[in-house]
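The values are calculated or read from the model by the stated rules, or taken from the named source; none is laboratory data. What you are looking at is a predicted structure, and each value in this text was computed from that prediction instead of being measured. Don't worry about glycine lacking a Cβ; one is built from the backbone with ideal geometry, like all the others, and counts go over all protein chains shown. Calculation scope for accessible area: heavy atoms of the full protein, side chains included, ligands and nucleic acids excluded. Shrake-Rupley method; radii C 1.70, N 1.55, O 1.52, S 1.80 Å.
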Amino acid sequence: DVELFEKEMKWLSSFADFVSLDTLLKEKARPERWLVAITFDDGYASNLSYGLPICEKFNIPMHWFISTQFVINPKSLPWWDILLYIVKKWNSLLEFNGLQEQYSFDLGRRSERSRFFYLLSDDFRNSPPSGRDELVENLRKAVEPHLELPENEMARMSDITDASCSPLLRLGAHSHSHTNLALCSDEELEREVNEGRRLLREWSNQEVTWFAYPFGKRKYLDARCPQAVLDAGFQGALTTEIDYVDRDCDNFMIPRLGVDGRWDLTTFQARVLAADIVSRIDRKSTRLNSSHIPLSRMPS
């Protein structure tokens, strides 16, 4: 909601200064006002048409993390958008091959639409690149005889080139194909980290110094991931683990508060002001779940 985003930024501006990630991570003294950095992930064209004008209105440095595969191939539709489009348009039985089983969903039923979306989302997130691509292809083969999938809604190369002239826009890498980096081979991991940066530099002539991990949670990372980002020459990398940034923050595991578009303004305000409480709850849950990997110098 564009109007809501503007209200959120106006509220933040009443007690916070908007800064770049470079400024935020270099700040060592305790500032008089809050310091806030604003980031957008994936590379949707609407980030430019709706987000950038509001950032310009409030003089907000806008960090835009782009998955470049979707930019160079408009027919490459992110799997989450494929699922959402099918849920919206399909209202009958849908059957197709999964990676290990045959799927069957009666999408005429609300409960089945929900099961379809969340079950497939989990399968996509937890598949290596080859498995993800196979599952997308199987799903396309099942629906495209009856339903034409649209082009993706990501920005195009010319959009990025033009927008990069804005003094407030800072491009960041978000992997090439938005995959689970922990399930990549070493060669795939290196390509995912480096290819997007190479293309963004080519399109914009900007230095690309920040990386945002796809999906963002620690459970989708392993020890190779921060190391690969460091080896590639990035200044740091962002997660979606909720917390504030402090002077002891690991630059390659930077926390963020992900903003849900379904929140109203009051919920947004409460989430911003209580990020440390949510973080403590998450850390307590993590200690009880050994599947989360231990990483050194975790944000406190």
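Candidates R125, R132, R113: the one that is of a type in the set (D, E, K, R), over 30 Å from W203 (Cα atoms) and either touching a Leu at 6+ places or on another chain (Cβ under 8 Å) or crowded, with 17+ Cβ neighbours inside 10 Å (or both) is R113.
Any residue that is touching a His at 6+ places or on another chain (Cβ under 6 Å) and either aromatic (F, W, Y) or open to solvent by 10 Å² or more (accessible area, probe 1.4 Å) (or both) - is there at least one of those in the stretch 232-248?
Within the stretch 232-248, none of the residues are touching a His at 6+ places or on another chain (Cβ under 6 Å) and either aromatic (F, W, Y) or open to solvent by 10 Å² or more (accessible area, probe 1.4 Å) (or both).
Residues in the stretch 21-46 that are closer than 21 Å to I242 by Cβ, open to solvent by less than 40 Å² (accessible area, probe 1.4 Å) and part of a loop (DSSP other than H, G, I, E, B): A37 alone. Could you tell me whether any residue of the stretch 68-76 is of a type in the set (K, R) and either open to solvent by less than 80 Å² (accessible area, probe 1.4 Å) or more than 26 Å from S20 (Cα to Cα) (or both)? For the stretch 68-76, residues of a type in the set (K, R) and either open to solvent by less than 80 Å² (accessible area, probe 1.4 Å) or more than 26 Å from S20 (Cα to Cα) (or both): present.
Scanning the stretch 207-220 for residues that are crowded, with 21+ Cβ neighbours inside 10 Å and over 14 Å from the mean Cα position of the chain (by Cα) yields a total of 1.
Within the set R283, R262, R297, R287, the sole residue that is among the basic types (K, R) and either at pLDDT 75 or above or within 25 Å of M9 (Cβ to Cβ) (or both) turns out to be R262. Assess whether D250 counts as being over 17 Å from the mean Cα position of the chain (by Cα), within 17 Å of E188 (Cβ to Cβ) and in contact (Cβ under 8 Å) with a residue 40 or more places away in the chain. In short, no. In the condition set (1) in contact (Cβ under 8 Å) with a residue 12 or more places away in the chain; (2) loosely packed, with under 15 Cβ neighbours inside 10 Å; (3) over 23 Å from L147 (Cα atoms), S14 is compliant with all but (1).
Residues in the stretch 73-110 that are assigned to a strand (DSSP E or B) and either of a type outside the set (G, A, S) or within 21 Å of the chain's Cα centre (by Cα) (or both): L93, L94, E95, F96, N97, Q102, Y103, F105, D106. When the stretch 254-280 is limited to residues that are touching a residue at least 60 places away in the same chain (Cβ under 8 Å) and assigned to a helix (DSSP H, G or I), the one that is surrounded by the fewest Cβ atoms within 10 Å (Cβ to Cβ) turns out to be L265. Listed by position, the strands (runs of 3 or more DSSP E) contained in the stretch 137-253 that have at least 3 residues being in contact with a helix residue (DSSP H, G or I) (Cβ under 6 Å, 6 or more places away or on another chain) are 169-173. Condition (residue is of a type in the set (A, V, I, L, M, F, W, C), closer than 22 Å to T179 by Cβ, open to solvent by 10 Å² or more (accessible area, probe 1.4 Å) and in contact (Cβ under 8 Å) with a residue 40 or more places away in the chain) applied to the stretch 81-95: is it met by at least one residue? Checked against the condition, which is being of a type in the set (A, V, I, L, M, F, W, C), closer than 22 Å to T179 by Cβ, open to solvent by 10 Å² or more (accessible area, probe 1.4 Å) and in contact (Cβ under 8 Å) with a residue 40 or more places away in the chain, the stretch 81-95 yields no hits at all.
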